[in-house]
1. Residues that are out of contact with any Phe, Trp or Tyr (no Cβ under 9 Å at 6 or more places or on another chain) and loosely packed, with under 13 Cβ neighbours inside 10 Å: which helices (runs of 4 or more DSSP H) entirely in region 5-123 hold 3 or more of them?
2. Picking from Gly13, Gly20, Gly24, which residue would you name as being touching a Gly at 6+ places or on another chain (Cβ under 6 Å), under 25 Å from Met117 (Cα atoms) and free of Cβ contacts under 8 Å to residues at least 60 places away in the same chain?
3. Could you list, in sequence order, the residues of region 8-24 that are of a type in the set (Ser, Thr, Tyr) and within 18 Å of Arg37 (Cβ to Cβ)?
4. Tally up the residues in region 46-61 that are at pLDDT 90 or above and either of a type in the set (Val, Ile, Thr) or within 24 Å of Ser114 (Cα to Cα) (or both), please.
Amino acid sequence: MDPVTLLTCALIGLAAGTLGGLLGVGGGIVMVPAFIRFLGLPAHQAVATSISVIVFISLSAALKHHQQGSTQWKIVGLVLVTSVLGAYLGAAFTDQIPERTLRLGFAVFLMIVSIDMAARAWRIS
């Protein structure tokens, strides 16, 4: 791998890890668009690659949050089974979605979540 690609991967990892630990985001929101834009990966590969990285980001952040007493383990237990099933089904289905549709769907999802979070934050202030 060339030095520019190595540096790009390192910066994507730093951003995803920092945002993952701080805000609980990073994989899909940071890595997928970055893998597509800066590394030229097709959306399907960007999703698969980010999911593989998320495993390790999540373990690291989960350990630290547990040490700080922030994790609600009852909720983890209740959500875990269905989220694992959903992740498996989503991964199986993603290869059947055309590249353009996957990118557009992801962009629309991010816009909806962003608008909703901004509106809720505005009401809190």
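1. On the way: elements: 32-39, 43-67, 73-94.
Per the criteria, 43-67, 73-94.
2. Working: Gly13 fails: touching a Gly at 6+ places or on another chain (Cβ under 6 Å); Gly24 fails: touching a Gly at 6+ places or on another chain (Cβ under 6 Å).
Within the list Gly13, Gly20, Gly24, the selection yields Gly20.
3. So the first thing to find is which residues in region 8-24 are of a type in the set (Ser, Thr, Tyr), and the list is 8, 18.
Correct list: Thr8 only.
4. Residues in region 46-61 being at pLDDT 90 or above and either of a type in the set (Val, Ile, Thr) or within 24 Å of Ser114 (Cα to Cα) (or both): 7 in total.
The values are calculated or read from the model by the stated rules, or taken from the named source; none is laboratory data. These numbers come from a predicted model, not from an experiment. Ideal geometry is used to build each Cβ from the backbone, glycine not excepted, and the neighbour counts take in all protein chains shown.
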